[in-house]
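Peer 1: Quick one: this structure, given as structure tokens, is what I'll be asking you about.
Read-outs: derived from the displayed coordinates by stated rules, not from any lab. If you're wondering where the values come from, they're calculated on a predicted model, not measured in any experiment. Every residue, glycine as well, gets a Cβ built from its backbone with ideal geometry; the counts of neighbours run over all protein chains shown.
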Amino acid sequence: MTKKPAVRRGMTARRITQALKILSSLNVHREQQNERSALVLLALLGMTPSRSWSAATDPMLGITEMMNVFRDQFGKGYAPNTRETVRRFTVHQFVQIGLVVANPDDPHRPVNSPANRYQIAPALLKLARTLGSPAWTESLAAYIATAGALGRLQPRERDMPLVAVKLLSGKKVPLTAGG
């Protein structure tokens, strides 16, 4: 038996609101407290409009796969040309603040690889599974404490390997490795 569209819309809206509650509770930057970011979080938690938070999972997904979840599970279609927006303005920030892990199966995969995959960080999965339960408040406090008083939840510079290049003047300049 399929749920009626109005019921499904209500369940979808409720699930998005709950995902936004998680992001807000973590003091994620305002620019990432939006529907797109909520949908990314939901996709990376394997959530559906009707799945219980306690049943959240940690699928490893690429950007296009996430966008398919937005459409198939939540009825939110994003045009294929918005893939880069999802990556740059949500997924990248989530990786930078430690909510999401990039390429857990191959951390050395090039940044521009079409095989890039993302997975929710294990500690965030554990926290998300408590949403709506009596354990939520305590779990949130524990998560924030382990995130280094939100230090990990703030944007930071990319930790990239540098190559020392010596100029003709003798001065050494660190550069990122590249082609």
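Peer 1: Looking only at trypsin sites (Lys or Arg not before Pro) in DSSP loops with at most 14 other Cβ atoms within 10 Å, what is the longest site-free stretch of the chain?
Peer 2: With trypsin sites (Lys or Arg not before Pro) excluded where exposed in loops, the chain gives 4-155 as its longest stretch.
Peer 1: Beyond 24 Å, what percent of the Cα pairs of the chain remain?
Peer 2: Counting every Cα pair in the chain, those more than 24 Å apart make up 42 percent.
Peer 1: Another question, then. Going by C-beta contacts inside 10 Å, put 50, 169, 37 in order with the fewest on the left.
Peer 2: In increasing order of surrounding Cβ atoms, one gets 169, 50, 37.
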